[in-house]
Amino acid sequence: MDIPVRTTLRAFSFAAVVLAMSGCAFAPGGHMDYEAEVAPLTDQVEVTPITPGLISNYRARPAQTAPAPTELVDDIKQYVYRVGGGDILAINLSTPLDLAQESGVQRQTVEALTYIVQPDGTLFYPYVGRINIRDMTVDEVRAALVAGLSRYITEPQVNVSVAQFRSKRVYLSGAVTEPGFVPVTDVPLTLIDAISASGGVTALANTHNITLTRDGQQEHLSLYQLLQQGDMRQNRLLKDGDVINVPVAEDQNVFVLGQVLKPGNMPVGNERLSLTDALSRAGGVDEDRANPSGVFVVRENSPESDKLATVFILDISDATSLMLGARFPLQPRDVVYVTAAPVSRWNRVLSQLLPSVTSTGAFVSVIDDIED
């Protein structure tokens, strides 16, 4: 089966998980043993209770703070700017009196004059003529001018600097305050620097998944981890032609459905909600209709997984379980569902419905129902 078809079937089946959950409240049947009903689901989803052990695993995870990798540190230390077409150079020529008399050239101490590097990387300088300085450092440009002038002046004193950096730039698009370009200069330009130079990100930015495109290759980075958690592994030294896109946080939502007072799509932007936070923002559970043993979090697995989704289950019949929910972090696109049926009945209905959703129309209908 090719990848597009396999991906589509995964989407259909994942939608079926949510559809089954939404239909379980009206399914017939009484209480059944939960453990006896798990087996039919194991081919499709992974069922994981939210327990103190699971929460301790989350809390035991190492902090995201991490120093910059050695490669990045070395690249920054060794960085040098190389001249390109469009740059404007400031060149100062000063000839000492005794050397000027010996060479027959009138003594001069000239304030820096500016010269534009041509698009083909060449520069014309008096007495030296036209020389190709593309991709040279300013020290290399100085050496080239000294070599040319030495035919006329003994030990010419030349100073070269870049007056305007115009040949190299990186581009920023999306949810940044000032989309456009940032010039690459003789100061190393990192991802943090470029975002700052563009005025920072907007309130609508999805900082968890920005894209760096270089030479046609894309890399996904987390500005959130970089700025909020100090994970310097997310930083990059930028190069000419790099494109940084900061997407809008339009897909950073959690869906809260079922027996809650305010079901619906819950935009969360860049903040991270806990399960208890989401239930609270949805007005809490409907105590007259909800079955407290059936609070589910459905999370789609990565395409590499052999399971369509992971279903986390929290039993809040004991109010202290809400403390576990307060420490269970939700992820974007999670579906939180509070059922009116016992867990055992949901388990049986889900196993029956999973094979039945096989059409695009059904999939679209499920998504529409969720997003409405």
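The values are calculated or read from the model by the stated rules, or taken from the named source; none is laboratory data. Small disclaimer: the values here were computed from a predicted structure and weren't measured. Neighbour counts run over all protein chains shown; Cβ positions are idealised from the backbone, glycine included. Just so you know, the surface numbers come from the protein's heavy atoms only, side chains and all, with ligands and any DNA or RNA stripped out. Shrake-Rupley method; radii C 1.70, N 1.55, O 1.52, S 1.80 Å.
Rundown of residues vs (1) under 30 Å from Leu113 (Cα atoms); (2) surrounded by fewer than 20 Cβ atoms within 10 Å (Cβ to Cβ); (3) modelled with pLDDT of 95 or more; (4) not small (Gly, Ala, Ser), yes/no style:
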{"position": "Gln164", "(1), (2), (3), (4)": "yes, yes, yes, yes"}
{"position": "Ser167", "(1), (2), (3), (4)": "yes, no, yes, no"}
{"position": "Val170", "(1), (2), (3), (4)": "yes, no, yes, yes"}
{"position": "Asp186", "(1), (2), (3), (4)": "yes, yes, yes, yes"}
{"position": "Ala197", "(1), (2), (3), (4)": "yes, yes, yes, no"}
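With the checklist (1) open to solvent by 50 Å² or more (accessible area, probe 1.4 Å); (2) of a type in the set (S, T, N, Q); (3) touching a residue at least 12 places away in the same chain (Cβ under 8 Å) in hand, flag the one item Ser293 doesn't pass.
Here Ser293 meets the rest and fails (1).
Do any residues in the range 200-218 that are farther than 16 Å from Pro179 by Cα have Cβ atoms under 8 Å from those of residues that are modelled with pLDDT under 95 and of a type in the set (Gly, Ala, Ser), where the two are at least six apart or on different chains, and which pairs are they?
These pairs meet every condition: His208/Ser222; Asn209/Ser222.
Of all residues in the range 285-316 being out of contact with any Phe, Trp or Tyr (no Cβ under 9 Å at 6 or more places or on another chain) and among the basic types (Lys, Arg), which is nearest to Val256 (Cα to Cα)?
Top of the filtered list is Arg289.
Of all residues in the range 139-161, which are farther than 14 Å from Ser94 by Cα and in contact with a Lys or Arg (Cβ under 9 Å, 6 or more places away or on another chain)?
If the condition is that a residue be farther than 14 Å from Ser94 by Cα and in contact with a Lys or Arg (Cβ under 9 Å, 6 or more places away or on another chain), then Glu140 is the only one that fits.
State the number of residues belonging to the range 172-184 that are part of a strand (DSSP E or B), open to solvent by less than 50 Å² (accessible area, probe 1.4 Å) and at negative phi. Even if it seems obvious, please write down each step before you answer.
Going through the range 172-184, the residues part of a strand (DSSP E or B) turn out to be 172-174, 176, 180-183.
Applying the additional criterion that residues be open to solvent by less than 50 Å² (accessible area, probe 1.4 Å) yields 172-174, 176, 180, 182.
Next, from what is left, pick out any that are at negative phi: 172-173, 176, 182.
Adding up the residues that qualify gives 4.
Tally time: how many residues in the range 317-363 are at pLDDT 55 or above, farther than 19 Å from Pro263 by Cα, surrounded by 16 or more Cβ atoms within 10 Å (Cβ to Cβ) and of a type in the set (Val, Ile, Thr)?
Qualifying residue count, the range 317-363: 1.
For Ile153, which of the numbered conditions (1) outside any strand (DSSP E or B); (2) within 20 Å of Arg82 (Cβ to Cβ); (3) of a type outside the set (Asp, Glu) fails to hold?
It is condition (2) that Ile153 fails.
Name the strands (runs of 3 or more DSSP E) wholly within the range 227-271 that hold at least 1 residues that are surrounded by fewer than 17 Cβ atoms within 10 Å (Cβ to Cβ) and touching a residue at least 40 places away in the same chain (Cβ under 8 Å)?
Working: elements: 243-246, 253-258, 264-267.
Strands (runs of 3 or more DSSP E) meeting the threshold: 243-246, 264-267.
Within the set of pairs 6+ apart or on separate chains, which have a first residue in the range 121-135 that is among the basic types (Lys, Arg), a second that is open to solvent by 60 Å² or more (accessible area, probe 1.4 Å), and C-beta atoms under 7 Å apart?
Listed by first residue and then by second, the contacts come to Arg130/Phe124.
In contact with a helix residue (DSSP H, G or I) (Cβ under 8 Å, 6 or more places away or on another chain), assigned to a helix (DSSP H, G or I) and either open to solvent by less than 70 Å² (accessible area, probe 1.4 Å) or hydrophobic (A, V, I, L, M, F, W, C) (or both): does that describe Leu212? Walk me through how you get there before you give the answer.
Working: in contact with a helix residue (DSSP H, G or I) (Cβ under 8 Å, 6 or more places away or on another chain): yes; assigned to a helix (DSSP H, G or I): no; either open to solvent by less than 70 Å² (accessible area, probe 1.4 Å) or hydrophobic (A, V, I, L, M, F, W, C) (or both): yes.
No; evaluated as a whole, the condition is false for this residue.
Is it true that some residue in the range 276-290 is touching a strand residue (DSSP E or B) at 6+ places or on another chain (Cβ under 8 Å), surrounded by 16 or more Cβ atoms within 10 Å (Cβ to Cβ) and at pLDDT below 80?
Yes: one or more hits.
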